[in-house]
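Worksheet for the structure shown next.
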Amino acid sequence: MMLTVAMAAILPLNAPAIAQGPAPIAKTDRGAVRGGIEDGVASWKGIPFAAPPVGALRWRAPQPAAAWTGVRDATGYAPDCMQVPFPSDAAPLGTKPAEDCLYANVWKPVTAKGKLPVVVWIYGGGFVNGGASPPTYSGADLAKQGVVFVSFNYRVGRFGTFALPQLTRANADGGRLGNYGIMDQIAALQWVQRNAAAFGGDPANVTIIGESAGGMSVHMLNTSPLAKGLFHKAFIMSGGNGRSDGRTLADVERIGANFARSKNIDPDRPDALDRLRRLSAEEVTDGLNMMALFRPPAGPPTNSGPFADGKVVVDMGPAYANGRFARVPVVVGATSADMGGRTGFMIAGAREVAGLLSDKRAPAWEYRFSYVADSVGQPGAQHATDIPFFFNTVAIKYGDKATPRDRAMGQAMSRYVVRFAKTGDPNAPGLPSWPGYTRAGDHIMDFTPDGKAIAGADPWGAEIDAQMLKASPPSQ
């Protein structure tokens, strides 16, 4: 079915703004928090979901947050996790990063009654950048459409992934080693299970949604035994093909030793870990960000992304192939000019994942985001450009350059997200039908350059399949 999005969209933002009311107070399992109300949406920001991962807790699994008495102010974002921001980021941070960063944010409609579906956002940034504070990631509009929206910070860079033989021998967290940023994500989802009801959310109806490194994280959570039961639907945006890169704990230990040596610390000395923990946050970051990631300095590597440790993160390829993953409904896709091109990791990866899930009889829908905001003026939807449309933060992202067609696309695409969160199926009344993915049907939903939502056979499917076959020919 083809229908212009502008015709199909219902315009919730046209409703009159609800007047400001008393500051909303919610009672979490650690204490009460006071938020604010704006345009009919209540929000709470900077709620601790774990203890500050500093000092002796650097390179430890997240620990319980301390309880507090009285009512804690929750009207502003807490710091995003420690990193070096980079100027070309599509979603620049709204805070000054710090190592004390494990905080969550919540939005809900003021007039909501009953338990609402919960949407949990996981940001991208190559596992070295990113945070929950960028205005483009606001959950206010999705909340207006009838969900509780949660975002949170997780550790990145050498704070988020790090290993050393001394850490392995200490084994302070019962076999949870190395993947501290993914542990943060699991801790945040556990916090949602304990506290969603305090904000009007339904802990039995949680959708996780992530883009780029966040989408890769969704794959890791979808296959992690430690995340079992913490979510019920998954939305994967430019998250690759759901396979691990082959690195092991031993590999990451060597990378950690390389970093220690770069700081004139002998990794074999008994005091190596203590000395590393005494380094400043800036010394641990050591200039690392997305720009440095793609232009690594000469010498041995000193940084690693998440790896298959076997407990927190498993080897995802075999887990998917053998059906060891959460059998939840999944939406998966990429942008039309995503990294690697049409046969690359993102676009071909989304097709590969949709087919794999379909083979395992897990409900899946695939999309391709081809729309380009009118003010951009260049063909091809680049990596991450779908986020403000799925979140309906187009006006925040593009300001007064946002056109009626841009806004209509955001209103429609966000409705698909909300419908999926509510029902486990993205199809919404009044919007073009979005068929589930099967290899036989090969249907994707394309959000096209001219502002239409068109479902049909993937026009790039044969080319992608041929390239994949060339790269991995069947065994004889």
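The values are calculated or read from the model by the stated rules, or taken from the named source; none is laboratory data. Only a predicted model underlies this, so the values are computations on that prediction, with no experimental measurement involved. Positions of Cβ are backbone-derived with ideal geometry, glycine not excepted, and every protein chain shown enters the neighbour counts. Please note that ligands, DNA and RNA were not included when accessible areas were found on the heavy atoms of the full protein model with its side chains. Shrake-Rupley method; radii C 1.70, N 1.55, O 1.52, S 1.80 Å.
Taking the numbered list (1) surrounded by 14 or more Cβ atoms within 10 Å (Cβ to Cβ); (2) more than 24 Å from the chain's Cα centre (by Cα); (3) closer than 30 Å to residue 204 by Cα in turn, residue 456 passes all entries but (3). Restricting the stretch 214-227 to residues that are in contact with a Phe, Trp or Tyr (Cβ under 7 Å, 6 or more places away or on another chain) and more than 19 Å from residue 131 (Cα to Cα) leaves a set whose member that is surrounded by the most Cβ atoms within 10 Å (Cβ to Cβ) is 222. For the stretch 204-213, residues that are surrounded by fewer than 24 Cβ atoms within 10 Å (Cβ to Cβ) and either part of a helix (DSSP H, G or I) or of a type in the set (S, T, N, Q) (or both) total 1. Going through (1) touching a helix residue (DSSP H, G or I) at 6+ places or on another chain (Cβ under 6 Å); (2) open to solvent by 40 Å² or more (accessible area, probe 1.4 Å) one by one, residue 170 falls short only on (1).
If the condition is being of a type in the set (Gly, Ala, Ser) and either in contact with a Pro (Cβ under 8 Å, 6 or more places away or on another chain) or more than 20 Å from residue 387 (Cα to Cα) (or both), then the stretch 322-335 contributes 323, 326. Under the condition of being more than 16 Å from the chain's Cα centre (by Cα) and part of a loop (DSSP other than H, G, I, E, B), the residues counted in the stretch 131-160 number 3. Residue check: residue 428 meets all listed conditions (1) modelled with pLDDT under 95; (2) surrounded by fewer than 16 Cβ atoms within 10 Å (Cβ to Cβ) but one, namely (2).
Counting only helices (runs of 4 or more DSSP H) wholly contained in the stretch 378-443, the ones carrying 1 or more residues that are more than 26 Å from residue 342 (Cα to Cα) occupy 394-398, 404-423.
Looking across the stretch 161-203 at every residue that is part of a helix (DSSP H, G or I) and among the small types (Gly, Ala, Ser), the one that is nearest to residue 308 (Cα to Cα) is identified as 181.
Taken over the stretch 189-208, the residue count meeting the criterion of being within 24 Å of residue 57 (Cα to Cα) and touching a Leu at 6+ places or on another chain (Cβ under 8 Å) is 4.
Annotation note: of 328, 284, the sole residue that is surrounded by 19 or more Cβ atoms within 10 Å (Cβ to Cβ), on the phi < 0 side of the Ramachandran plot and β-branched (Val, Ile, Thr) is 284.
Every residue, every condition in (1) of a type in the set (Val, Ile, Thr); (2) open to solvent by less than 50 Å² (accessible area, probe 1.4 Å); (3) in a helix (DSSP H, G or I), yes or no:
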| site | (1), (2), (3) |
| --- | --- |
| 253 | no, yes, yes |
| 304 | no, yes, no |
| 313 | yes, yes, no |
| 319 | no, yes, yes |
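In the stretch 228-242, of all residues being in contact with a helix residue (DSSP H, G or I) (Cβ under 9 Å, 6 or more places away or on another chain) and more than 20 Å from residue 125 (Cβ to Cβ), the one that is surrounded by the most Cβ atoms within 10 Å (Cβ to Cβ) corresponds to 233. Among the residues making up the stretch 249-285, a single one is touching a Leu at 6+ places or on another chain (Cβ under 9 Å) and of a type in the set (Asp, Glu): 253.
Residues in the stretch 337-347: is at least one touching a residue at least 40 places away in the same chain (Cβ under 8 Å), within 30 Å of residue 205 (Cα to Cα) and open to solvent by less than 40 Å² (accessible area, probe 1.4 Å)? Scanning the stretch 337-347 turns up at least one residue that is touching a residue at least 40 places away in the same chain (Cβ under 8 Å), within 30 Å of residue 205 (Cα to Cα) and open to solvent by less than 40 Å² (accessible area, probe 1.4 Å). If you go through the stretch 29-42 and pick out every residue that is open to solvent by 20 Å² or more (accessible area, probe 1.4 Å), of a type outside the set (Lys, Arg) and either touching a Gly at 6+ places or on another chain (Cβ under 7 Å) or closer than 20 Å to residue 183 by Cβ (or both), you end up with 2.
Residues that are in a strand (DSSP E or B), surrounded by 15 or more Cβ atoms within 10 Å (Cβ to Cβ) and among the aromatic types (Phe, Trp, Tyr) are absent from the stretch 57-80 altogether. Test of understanding: among 309, 386, 359, which residue is touching a strand residue (DSSP E or B) at 6+ places or on another chain (Cβ under 6 Å) and open to solvent by 30 Å² or more (accessible area, probe 1.4 Å)? None of the others qualify; the one that does is 309.
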